[in-house]
Every structure is written in C-alpha cells, then in structure tokens.
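Right, one structure below, let's go through it.
The values are calculated or read from the model by the stated rules, or taken from the named source; none is laboratory data. These numbers come from a predicted model, not from an experiment. Cβ placement follows ideal geometry from the backbone for every residue including glycine, while neighbour counts extend to all protein chains displayed.
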Ligand SMILES: [Fe+2]
Ligand SMILES: [Fe+2]
C-alpha cells in the first residue's frame, strides 16, 4: 500500500501545488493521498490566513483527488514533520509513505527536527518548481548527501515548469485555479487598502511586537467574522487593526486625551486603567489615522467592557479580540468554533468569562459589562426556550 502526504502552508494553494500533486498521483498511483496544511505558531499565525481558511482552500484545490487532514493544525504545541509522519505510520503501519516537498524544502531538510526519523518513516518526493537546471543540479546533489548521511530515499520528479509561488500570489500575481480565485475574491483575501497598509506601518513601530501581532490577529479574525455574518469585511478589518492603538499609553497619556477631547467616561470606568484605552483608542484612531466612521469608532469604544444593545458590528470586534490566533487560553478552540456558529452564544461565553474572571480577581466590574452579560444571557435563554418550543411541535 502506498500513501502520499503533501504538507505545506497552502496560503493559498496554487497551480504549481496542484500540478505537483497530480503528477505524483499519476506516476506513483498511491492508494491514498493526504494534503496536510501545516500548523503555524500562534504569534506568526496573526499575519497569515487562518487555519480554517487554509483548510477550506485545500479542500477546494485538492479535495477531488486527495483527503485533507487537519492533524497538524489541531496538534497542540510545536508541530514537526516527524510527528506527522509518525501519525500516518501509526494509522497505516503496513504502508509505504511518500512525503511530498517543494524544492526549497528539500534543500533544507537536514536542518529539520529529527531528520533521521523523517527519512526512516517516508520516502521523499520533490520537484524543481521552475525549469531551472541549476536548481535541479542542487537538488540532485542534496539528495545524494541525504542518502549518504541518513539512508534517505529521495525521488526527484521533473515537472512542466509553473513559475509561481504562494508568496507571489499574495503579492498580486495570478496563478491559482479559478475555484481558488473565486474563494479569494469572495472572502477579500490577500488585498489590502492603502489606508490599512499605512496604519500597519505606523502601528508596527508604535506598538510592542506582541500588541502589534495581536492587532493583526484581531483584524483578520474580525474580517472573517464579518464575512460569516454578512457585515462589512473591510470596516471590520480596520476596526480590528486599530482597536488597541492606545493600549500601551500611560495613565497620564490617557488622561491627556480624555481632557483634550472632552471624553465622558462612566464613573465606574475612570478608575480602571484597562478600560480607558477603548475610549481613548477611538479618539486617537480619529486623530492619528483619520478614521471617521462612527460604526468603527463605536465598536472600538465598547470593545473591552461591552455595553447594552451592542450591534452586530460591535459584537464582531468584541469577540474577535477574545479569539484572535495569538490567544492560547484553555477553551479558546471551542470558543472559536462557537463564534462562527452562533455569535450570541459566543457573546455569552465572552461576557460570562470576563465577569467571572474579574470577580475572581476581586476587581471592579463595569456596569456596561454587566449589561452586556445580562443581555447575552437573556437572549440565549430566549433562544433555548424557542428551540424547546419548536421541538415540542
Ligand atoms: Fe483592547
Ligand atoms: Fe485587544
């Protein structure tokens, strides 16, 4: 039995990937082929397309002739190829595994984690991405060295040239199938307004790296939630990007903004430093980045405490802040799923978490947070009653 395993970020899957996999299937006639989108570590994941979207695109691109596996994406902690191959060996102990890698990956394979284990578990199949004699020669040389040092079995398949990589596609070149192009278009992936580019540049130097990556993560997540619930994706991304723009201000800096802009802060929020950045963030986003859209500014204003009668757009930012890819607390995976299934259920999860957490730490709970929680609880209770009413009929 032969099993093909094709790993990669697939952000997005391009025609070069498709040609590579199809050629492999034609030549090696595997009994099964798996496409395995790689797990990207949380801090880096803020900059990339979400795991769910990469899985979805892999299904669109390869789903007709390969199984898409989320085994790496679901794995906790560091993710290694050797673990992935061990996982497939355990599932198919009798099978010969063929691990498919691009030329750039082949050339660095001996520096990967546990190379001996990788080469003992699978044969490696690789192809030069371009019609490039020099690259082919380098690959052959590397293959010989890996064979010599590790007893690796390396097969080099020559393909028709497809001179395109995922990085070039993100930069604006074409090179994906029509189905992938339609998905990219529908979800507004890989394009960024000049305004977003300029704000990113400014925030990357004014915020700490950690806060900046969180902001990118909230931007991407808010955009995905907006696409899911039919809100304005571009606006949601902008709100996500700027929501914490004053999070690292000192109390003095917050107070200066509050005074200058005559911001009225509720009495029970003025003493809580953590809540001030929502109010000053809205004012500073307007002054520093020229954001005038009141829907965006309102969402920034209530993104920490919440409030009564939150709009869909406000809920999107509030929840995106809880579940961006840099968050790793217990239960976040479930909350991510809930957020895309039922936004009101996610609101109840988030607000009850905040209220409980603040009370446990003996901190002040802003009335706005209590209003948001009560409203979410009442709404979910109503939905539950309606469901049980329907099931009786
Ligand atoms: Fe915040
Ligand atoms: Fe935040």
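Laid out as a table, the results:
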{"read-out": "Some residue of region 258-277 being within 16 Å of ligand 2 (Cβ to nearest atom), closer than 25 Å to residue 212 by Cα and part of a loop (DSSP other than H, G, I, E, B)", "value": "yes"}
{"read-out": "Flag for residue 122 being free of Cβ contacts under 8 Å to residues at least 60 places away in the same chain, in the same structural domain as residue 16 (by TED's automatic domain parsing) and over 24 Å from the mean Cα position of the chain (by Cα)", "value": "no"}
{"read-out": "Of the criteria (1) surrounded by fewer than 18 Cβ atoms within 10 Å (Cβ to Cβ); (2) closer than 21 Å to residue 223 by Cα; (3) at pLDDT below 95, which one residue 342 fails", "value": "(3)"}
{"read-out": "Qualifying residues in region 180-204 (those that are modelled with pLDDT of 90 or more and under 16 Å from residue 13 (Cβ atoms)) - the one surrounded by the most Cβ atoms within 10 Å (Cβ to Cβ)", "value": "180"}
{"read-out": "Test: residue in region 294-313 that is part of a loop (DSSP other than H, G, I, E, B), touching a helix residue (DSSP H, G or I) at 6+ places or on another chain (Cβ under 9 Å), more than 26 Å from residue 204 (Cα to Cα) and within 15 Å of ligand 1 (Cβ to nearest atom)", "value": "yes"}
{"read-out": "Top-ranked residue of region 319-335 - restricted to ones that are assigned to a helix (DSSP H, G or I) and free of Cβ contacts under 8 Å to residues at least 40 places away in the same chain, ranked as nearest to ligand 1 (Cβ to nearest atom)", "value": "322"}
{"read-out": "Conditions (1) within 16 Å of ligand 2 (Cβ to nearest atom); (2) farther than 21 Å from residue 237 by Cβ: number failed by residue 373", "value": "(1)"}
{"read-out": "Candidates 162, 176, filtered to the one that is surrounded by 14 or more Cβ atoms within 10 Å (Cβ to Cβ), at pLDDT 75 or above and either assigned by TED's automatic domain parsing to the domain that holds residue 48 or in a helix (DSSP H, G or I) (or both)", "value": "176"}
{"read-out": "Any hit, region 45-55, residues being buried (at least 21 other Cβ atoms within 10 Å of the Cβ) and under 22 Å from residue 121 (Cβ atoms)", "value": "no"}
{"read-out": "Residues that are crowded, with 21+ Cβ neighbours inside 10 Å and in contact with a helix residue (DSSP H, G or I) (Cβ under 6 Å, 6 or more places away or on another chain), drawn from region 107-124", "value": "118, 119, 122"}
{"read-out": "Matching option when the condition is surrounded by fewer than 18 Cβ atoms within 10 Å (Cβ to Cβ) and within 16 Å of residue 298 (Cα to Cα), among 252, 261, 248, 284", "value": "261"}
{"read-out": "Subset of region 238-255 [within 16 Å of ligand 1 (Cβ to nearest atom) and either in contact with a strand residue (DSSP E or B) (Cβ under 7 Å, 6 or more places away or on another chain) or part of a helix (DSSP H, G or I) (or both)]", "value": "238, 239, 240, 241, 242, 251, 253, 254"}
